[in-house]
Amino acid sequence: MGNEIPLEAHADFNKYINDGRQFLKNQAIEAAIQSFEKAFAIKGNAPELSFVLAKLLQVAGKPDKSDVYYKYSLALSPNNFEYLYDYMMHLVDTSRYTDAIEVLQRCIRLHPENAQLFNDMGVLHNALQNYSEAIDHFLNAFKINPDYLVPMINLGYLYVQTGEIGKADDILALCLKKEPQNSEINDLAKVIAAARSTTDSGMPVIRKELRFSDQSFQIVPMQILEKFGASISSGTIGLSIVIPVYNEEDNLPILCKELNETLKTLQQEYEIILVDDGSRDKSRDVMTALARDDKRIKVIFFRRNYGQTAAISAGFKYAHGDVIITLDADLQNDPADIPKLLQKMSEGYDLVNGWRKDRQDKMLSRKIPSMIANRIINKLIEGTNVQLRDFGCTLKAYKSGIVKNIHIYGEMHRFIPVFAAWIGVKVTEIPVNHRPRIHGTAKYNLSRVSRVIFDLIVVRFFSDYMTRPIQFFGKIAKRITGSGLFLLAVLSVCGLTHLLPVSLNTILILTALLFFTSMQLLTMGLIGELMIRFYFEVQKKDFYVVERILNDTEIA
């Protein structure tokens, strides 16, 4: 592949990593940072390595550079709990409490049952003197885990610093009832007694620093590097399977059975996300029954049919896995190919595309149009360094950092590898098994060719001319002008030689109208595409409506 890292670069990368490890053993933090930064310059698409650099720079007392690497890690792995939590602690260390609260809210959305996170939120609100919010979070933490006394001790100190000694006494009594020999509770008792005496004498109450969680989820950098490119986040899902569904009632039970048989062999936590794109058969009932029997199956129901791109986009949005795999629900994609995709990804790729080498479809209506479309796509996107044989294959594996940073509309799901290339990821392709359809009917026909062609124009525009549209329109205008001048010359010759009985002026007017109309339609389409994208991107709107979700505990 043209976008693979050369062998000498791999050798340099390994050397820098090993040097960095040795420097860490010798407590040479600065030298270790330099070595890892050189490695990062070679493989800069690895959130684990940037996270290690963020931690080391934090230790080295360089918060600004540390902040940059934290943000880079989260851009690639936005749902990694360890990255989020450590970045939150970094923000606390630099006294950016408001930003820390926003990051901690994301942690809570990932783990709403974690009492320590609510305690931390209470501490942050206390630092900003938002006392009512702090009290609510401490009480929520205690409600989630009554045996976890840190939030109650913090709440006692909060009542002391706000002068509510009676409430502090109540908290102290509750804590002593649970753990009478706890030294921290005894310290709270002393502070309450001192506060009562100072309050009685008119002296100010001394504020006390509240305590964060007992655990800060430390990650050993070398463990991360040994598992380079793979997720090691605890309590998160490793693999998400996203499947758009439209009228596939007979295929769904077979597909889910095959998926479970394959995924169980991977020894990895996984989830199966079925996105019902407004099915009109009994698919909704089948999916509801599947979700009831298996909590790993999540179902997103659309209120109507929005198309495959919308279904895939919704699946991406709700997926929790570090790696996300898409496949069709028609059983033509083989779940047994999933380990092959993951194996290829382990070689350092960020996106692995399936290639239906021996495609089991009709030649005239499916295979030939697909081959023509793939050649046209590759020609139009030469500047992206991505050349694939099968853009239309739904079976693909993505690292979550890709799909969480790409927004797709219309019929753009087949062009995700192109969009991914724009954010600087490594894309490759492997042959996958393709099976003939047994149940149901195909949803694709020749009518979709025109949609793909129009989307190709948009892809080409966004590929090379998004930031300089004058170049795009200028080239079109140049070709139209050239063609018009040539036609004008031909018609002039025909008119002078009386070869055409039609008036020359009439032909010229019709030709001009044709060119101007075509130019206006094309321009309006691209401007409309820009406006639609701005509408969705700026307002963070979805272009589909979700009716309900089964088995997703993180959606209220």
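The table that follows gives values for the structure above.
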read-out: Residues of segment 361-408 satisfying the condition of being modelled with pLDDT of 75 or more, among the polar types (S, T, N, Q) and outside any helix (DSSP H, G or I); value: GLN387, THR394
read-out: Given (1) farther than 20 Å from LYS399 by Cα; (2) among the acidic types (Asp, Glu); (3) in contact with a strand residue (DSSP E or B) (Cβ under 6 Å, 6 or more places away or on another chain), number of the condition ASP250 does not satisfy; value: (3)
read-out: Qualifying residue in segment 74-83 (condition: at pLDDT 85 or above, farther than 19 Å from ASP322 by Cβ, out of contact with any Lys or Arg (no Cβ under 8 Å at 6 or more places or on another chain) and in the same structural domain as HIS111 (by TED's automatic domain parsing)); value: no
read-out: Residue that is farthest from SER77 (Cα to Cα), among those in segment 39-64 that are under 22 Å from the mean Cα position of the chain (by Cα) and assigned to a loop (DSSP other than H, G, I, E, B); value: LYS43
read-out: Residue count for segment 154-188, restricted to those that are assigned to a helix (DSSP H, G or I) and not aliphatic (A, V, I, L, M); value: 16
read-out: Qualifying positions in segment 107-145 - part of a loop (DSSP other than H, G, I, E, B), touching a residue at least 24 places away in the same chain (Cβ under 8 Å) and out of contact with any helix residue (DSSP H, G or I) (no Cβ under 8 Å at 6 or more places or on another chain); value: PRO112
read-out: From the options TYR70, TYR83, residue that is in contact with a His (Cβ under 8 Å, 6 or more places away or on another chain) and either more than 23 Å from GLY238 (Cα to Cα) or in a helix (DSSP H, G or I) (or both); value: TYR70
read-out: Qualifying position, being under 16 Å from ARG196 (Cβ atoms) and among the aromatic types (Phe, Trp, Tyr), among TYR148, TYR159, TYR131; value: TYR159
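The rows are residues; the columns are (1) in contact with a Pro (Cβ under 8 Å, 6 or more places away or on another chain); (2) among the β-branched types (Val, Ile, Thr).
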| site | (1), (2) |
| --- | --- |
| THR309 | no, yes |
| ILE324 | no, yes |
| GLN332 | yes, no |
| ALA336 | no, no |
| PRO339 | no, no |
| LEU342 | no, no |
| GLU347 | no, no |
| TRP355 | yes, no |
| LYS367 | no, no |
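The values are calculated or read from the model by the stated rules, or taken from the named source; none is laboratory data. Given the structure is predicted, the values throughout are model-derived calculations rather than measurements. Every residue, glycine among them, receives a Cβ derived from its backbone with ideal geometry; neighbour counts consider all protein chains shown.
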